[in-house]
Amino acid sequence: MAKSDEAKAREQRLAAKLRENLRRRKSQARARAAGPEDALHPDNPDAAKTGPRAEGDNGDDSGAP
């Protein structure tokens, strides 16, 4: 591989990494802008509506701690 080919390959790798980093940072910024409830439950939008659980609440209605 010639020097110019190596330089082009390196430049392409760096450009791909920069694009990946930009996508990740945009995603993080959108999550922060959405608010803390949405950030905690990104895959289940209905879960954010239930609110925080009380300490010791394991989610079932059995009454056991």
(message) Could you go through region 2-11 and let me know if any residue there is at pLDDT below 95, out of contact with any Phe, Trp or Tyr (no Cβ under 6 Å at 6 or more places or on another chain), outside any helix (DSSP H, G or I) and surrounded by fewer than 10 Cβ atoms within 10 Å (Cβ to Cβ).
(response) yes
*What about residue 15, is it more than 27 Å from the chain's Cα centre (by Cα) and at pLDDT 95 or above?*
no
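The values are calculated or read from the model by the stated rules, or taken from the named source; none is laboratory data. Please read all numbers here as calculations on a predicted model, not as lab measurements. We place every Cβ from the backbone using ideal geometry, glycine too, and count neighbours over all the protein chains shown.
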